[in-house]
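The values are calculated or read from the model by the stated rules, or taken from the named source; none is laboratory data. Source: prediction; values computed, not measured. Using ideal geometry, Cβ is built from the backbone for each residue, glycine included, and neighbour counts are taken over all protein chains shown. SASA here: full protein model, heavy atoms, side chains in, ligands and nucleic acids out. Shrake-Rupley method; radii C 1.70, N 1.55, O 1.52, S 1.80 Å.
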Amino acid sequence: MRHVTEEKKVDPGLPYLAGHFPEVTIYPGVFIIDDVERAVAAVTGAPVHLTHLRSARFLRPLLSGDGFRFHLQITPAASGFEVDARCEGPDGVTAATIKAVFDAG
C-alpha cells in the first residue's frame, strides 16, 4: 500500500472551463476522477484505466484559482490498483472522495 499526496490548481484560463459555468468557474467532478487516474499512473509508473468507480462523492465545489490537494491510498490488486482518494480544497475541507479500481496495462 502506498500513500501519496498530489497538488493542483484550478486554472480558469484553460479552454475546457470556459463554459463551465459562465459566471462562476467550477471544476467538473469528472476532471477530479481523471486527476486521480493520472496521479495513480504517475505514482505506479504504469498506464492505468478506470474499470470500477465504487463511489464518488462531491461535497463542495472547487472554484477558479482554488488550489487543491489529493491524498491517495493505492493498494495493489489482482490486475491493477484499488484507490481511495480524498480531495481537499484550499481551506483543508474535503471537496471530494473517490473509491475506484484501475486496471494496469
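When segment 71-85 is filtered for residues that are crowded, with 19+ Cβ neighbours inside 10 Å, modelled with pLDDT of 95 or more and not aliphatic (A, V, I, L, M), only PHE81 remains.
Filtered by the rule that a residue be open to solvent by 70 Å² or more (accessible area, probe 1.4 Å) and either in contact with a strand residue (DSSP E or B) (Cβ under 8 Å, 6 or more places away or on another chain) or of a type in the set (A, V, I, L, M, F, W, C) (or both), segment 24-49 gives VAL24, VAL30, ALA42, PRO47, HIS49.
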